[in-house]
Every structure is written in C-alpha cells, then in structure tokens.
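Working notes for the structure below.
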C-alpha cells in the first residue's frame with residue numbers, strides 16, 4: 001500500500017492516545033468489549049455512576065458458591081446482613097450463639113441459688129456426720145449415709161476461673177474425719193430439688209420431650225470420675241452423666257448432656273418433681289452395675305458407677321458453684337450465659353422454701369390458757385404450709401420489762417398460701433389471760449417448706 005508522505009509508525013494505540021470523551025458507547029458495537037479485554041481492577045466504584053448497576057443487570061450466580069444452604073448450615077457458612085445500609089458477612093456460628101443465649105423458654109433461671117449467694121442458715125456448719133439437712137447455701141441438701149464427718153461452708157471467692165466468670169460464692173464440703181473404706185450402702189450426695197410445676201417446659205413423658213443440659217463449676221481435691229444424677233421424683237426414673245476432674249483443687253467448668261425422656265410425665269404441682277444430685281461418695285450398692293446414661297426405672301447398682309470417694313482423706317474438699325439447667329442440648333461453646341439475679345430476687349426465690357426470722361418484735365394476744373397467738377406476714381408466700389422451729393424463743397415484753405420468763409411449744413395454723421400469712425402459736429408462763437402481748441422479741445423462728 002502506498003502512502004502520501006511518511007509512513008505511520010508501527011505502534012499500538014493505548015488509552016493514553018485517546019482523548020477523554022472521543023470514543024463513546026455509540027461508537028462501540030454491541031458486545032465488542034467483554035470482561036476478557038478489561039484488566040483486573042481497571043473498573044472500580046469510582047467509574048460507575050449512581051444507580052448504574054441494578055438488580056436486572058446482575059446474573060443470578062453473581063455471588064460465588066451460590067448453592068442453597070442445607071437444613072442445618074455449617075458454622076462456617078456466611079450470611080449477608082445489613083449494617084446501616086452496608087452489607088457485611090457474618091458466620092452462621094455467631095448467629096447461632098445469639099439464638100442460644102437470647103431465646104430461652106424460661107425467663108428466670110431454673111436452678112435457684114445456683115451461684116450460692118444466699119445462705120440464710122449461716123455460712124458454716126461443722127461436725128456433720130449422719131444428719132442429712134440443709135447447710136450453708138440455701139436450696140442445697142446434704143443427703144448422707146456414711147461414717148465420716150464434714151464441715152459445709154459458703155465460701156467467698158477472690159481468684160480462679162469461676163471467680164473470673166462472675167461467681168463470688170461457692171458451696172464447699174470439707175472432710176474433717178475420713179471414711180476411707182465405704183460400706184456397701186454408704187453414700188454422700190449434694191442435691192437440689194425442683195418443683196414439678198417448674199419443670200413442665202421439659203415436656204417429660206411426651207413425644208416432644210426436651211433434652212437437658214447441666215452446667216456448673218467444680219473444684220475438687222480428688223481427680224477422676226464424678227457422677228451427677230437426674231431423679232424423676234414422680235416416676236422413680238433416673239439418668240446419669242459423668243464428668244472428670246483433671247487437676248486437683250482447680251476450678252473447672254463442666255457441661256453435661258442428658259437425653260429427653262418420653263416416658264413418665266412429672267406431676268404439675270408444688271411437690272418435688274426432680275432431684276439433681278452431685279455424688280460425693282458411693283458404696284458398692286450404687287457402683288457395681290453399669291452407669292445408666294439413659295432414662296430408666298431405678299436400679300441402685302447403676303446410679304454411681306465409677307464415682308471416686310471424696311471422703312477418703314481429711315485433705316479432701318468438694319466445691320461447686322454456677323449451677324445452671326437449660327432446655328436443649330448445648331456444648332461448652334454454645335451454653336447460654338448463667339442468669340445472674342439480684343441478691344433480692346434470689347433471696348425471695350429461696351424464701352419460698354425457707355425463712356429465718358430473727359430479733360423482730362411481734363404483737364399478739366394471750367388467751368385464757370397458756371396459748372398466745374401472733375398473726376405474721378411472711379416476706380413471700382411459701383411453697384406449702386411451713387413447719388416451725390426455733391434456736392431461741394426469746395420472751396414477751398411490754399417494751400420495758402419481760403412478761404413471764406419461759407416460752408415453749410411453738411406451732412402454727414391458718415397458713416394462707418396466696419397472701420403468705422400464718423398464725424404462730426407459743427405457750428408461756430405469763431399469768432395474765434385475755435390480754436394483748438405488746439412485744440414478742442429476742443427470738444429466732446425458722447419457717448421451712450423445703451422439698
């Protein structure tokens with residue numbers, strides 16, 4: 001081909017040789033420029049006008065790995081959420097964790113005083129041998145048949161992982177006289193009992209029965225296997241789980257799972273519906289079988305298989321706190337946070353079962369005989385008509401001097417379970433009859449409606 005003048009140089013035309021606006025969309029044929037002719041990163045949001053990319057211009061597969069999520073997404077699956085109009089990716093594991101923590105079927109903790117804060121009876125009892133009872137922290141009963149001696153205390157925490165997790169109190173069993181060789185029928189259990197009407201959310205005995213997750217902090221001197229029991233008090237059925245203490249005298253958090261039970265509904269009443277028992281020691285009558293980890297009718301030999309003997313040395317302690325029971329199955333990574341309550345709310349829930357009245361003045365009336373009556377309003381309505389006892393019955397007074405010197409035979413009647421009022425009766429050697437008693441004082445009256 002001939003040229004007039006100088007032949008053009010053999011040069012590739014680049015974008016630098018083209019003035020802005022010289023080539024418009026009208027100068028380009030349809031589909032003449034595709035993604036293969038664009039350098040990665042050459043077009044960013046600064047090259048796009050507002051609203052120039054619409055949903056209609058995006059392919060359905062514009063987001064890679066666009067296959068549908070399964071019925072249960074993997075923890076690493078990502079979902080898009082809008083944060084003030086900005087799309088962000090969130091792992092499913094994060095959203096699942098929020099669901100577990102915020103959507104409990106129960107508004108309050110199922111376990112009462114799980115943080116061991118309330119101790120109306122006192123913070124320490126020594127010399128406990130074969131006497132079962134409630135010591136130190138409210139709602140926890142020492143169920144016992146053994147030859148040793150223990151001290152049970154409410155401990156104050158100031159360090160350790162349980163303290164770091166928000167717990168400042170614990171319940172501690174300190175062995176002061178060892179029982180190194182347990183008899184076959186001997187046992188020691190720290191347990192708490194729940195009302196049947198507070199357990200209906202587990203739907204036990206139905207085709208839609210729920211599973212159970214029990215979580216707690218444990219600090220034991222004895223390493224090795226320990227057993228926890230769920231006992232259905234209505235049907236005498238039970239289920240068990242084991243946990244292992246790895247390090248002596250070190251706080252360890254445990255999360256135990258129990259199966260759902262479609263057999264045997266728990267009575268919907270204010271009677272004891274379920275007992276949660278932490279084994280401290282157990283003789284061969286309870287350890288000679290195979291641990292029952294599914295719900296079944298009771299067989300004693302299957303209740304505490306593998307349990308170590310925490311009573312075998314005076315160096316041993318058994319300490320626990322942070323007990324919580326949840327509906328459903330959780331792991332240590334997904335268990336909802338412990339439901340901390342105010343001390344006042346916790347105390348009120350404990351007082352449904354036990355109230356200790358000390359040094360208050362009550363006014364009453366003395367009849368024609370030795371009996372004097374006092375109408376008393378309890379701080380909360382109790383579970384059922386309480387039994388009464390006293391550490392010191394005190395005396396009657398006219399606010400200046402004592403009226404008589406001897407009180408006895410403490411009883412009660414006309415308990416109102418709705419309002420929480422009760423008539424307390426006590427006998428005295430006060431000689432006057434049909435008179436008002438201005439003040440009954442310097443006394444301690446214990447009201448118990450424990451399960």
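The values are calculated or read from the model by the stated rules, or taken from the named source; none is laboratory data. As the structure is a computational prediction, the values presented were derived from the model and not from experiment. All Cβ positions, glycine included, derive from the backbone under ideal geometry; neighbour counts span all protein chains shown.
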* To do: Kindly state which strands (runs of 3 or more DSSP E) lie completely within segment 218-334 and contain at least 2 residues that are more than 23 Å from the chain's Cα centre (by Cα).
  => 272-282
* Asked: Out of curiosity, is residue 85 out of contact with any helix residue (DSSP H, G or I) (no Cβ under 7 Å at 6 or more places or on another chain) and modelled with pLDDT under 90?
  -> yes
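Name every residue in segment 425-442 that is within 40 Å of the chain's Cα centre (by Cα) and over 12 Å from residue 408 (Cα atoms), in order of residue number. Give the steps one after another, and end with the answer.
Within segment 425-442, the subset within 40 Å of the chain's Cα centre (by Cα) is 425, 441-442.
Result: 441, 442.
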* Return yes or no: is residue 248 at pLDDT 95 or above, within 30 Å of residue 157 (Cβ to Cβ), assigned by TED's automatic domain parsing to the domain that holds residue 321 and exposed (fewer than 15 other Cβ atoms within 10 Å of the Cβ)? => yes
* Name the single residue, out of those in segment 89-126 being loosely packed, with under 14 Cβ neighbours inside 10 Å and under 12 Å from residue 326 (Cα atoms), that is modelled with the lowest pLDDT. => 101
* Asked: Which condition number in (1) surrounded by fewer than 23 Cβ atoms within 10 Å (Cβ to Cβ); (2) touching a strand residue (DSSP E or B) at 6+ places or on another chain (Cβ under 9 Å); (3) not in a strand (DSSP E or B) is the one that residue 204 fails?
  -> (1)
* Asked: Any idea which of (1) in a strand (DSSP E or B); (2) modelled with pLDDT under 95; (3) more than 28 Å from residue 332 (Cβ to Cβ) is the one residue 175 doesn't satisfy?
  -> (2)
* Residue that is surrounded by the most Cβ atoms within 10 Å (Cβ to Cβ), among those in segment 292-326 that are under 27 Å from residue 264 (Cα atoms), touching a residue at least 40 places away in the same chain (Cβ under 8 Å) and in contact with a helix residue (DSSP H, G or I) (Cβ under 6 Å, 6 or more places away or on another chain) -> 304
* To do: Quick one: which residue in 233, 238 is in contact with a helix residue (DSSP H, G or I) (Cβ under 9 Å, 6 or more places away or on another chain), without any contact (Cβ under 8 Å) to a residue 60 or more places away in the chain and assigned by TED's automatic domain parsing to the domain that holds residue 196?
  => 233
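Table: residues versus (1) surrounded by 22 or more Cβ atoms within 10 Å (Cβ to Cβ); (2) closer than 20 Å to residue 110 by Cβ; (3) outside the structural domain of residue 260 (by TED's automatic domain parsing); (4) in contact with a helix residue (DSSP H, G or I) (Cβ under 7 Å, 6 or more places away or on another chain).
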residue	(1), (2), (3), (4)
148	yes, no, no, no
159	no, no, no, no
181	no, no, no, no
191	no, yes, no, no
198	no, yes, no, no
* To do: Kindly provide the set of residues from segment 335-349 that are assigned to a loop (DSSP other than H, G, I, E, B), surrounded by fewer than 16 Cβ atoms within 10 Å (Cβ to Cβ) and in contact (Cβ under 8 Å) with a residue 60 or more places away in the chain, ordered by number.
  => 337, 340
* Structure fact -> The one condition residue 371 fails out of (1) touching a strand residue (DSSP E or B) at 6+ places or on another chain (Cβ under 6 Å); (2) touching a residue at least 60 places away in the same chain (Cβ under 8 Å) is (2)
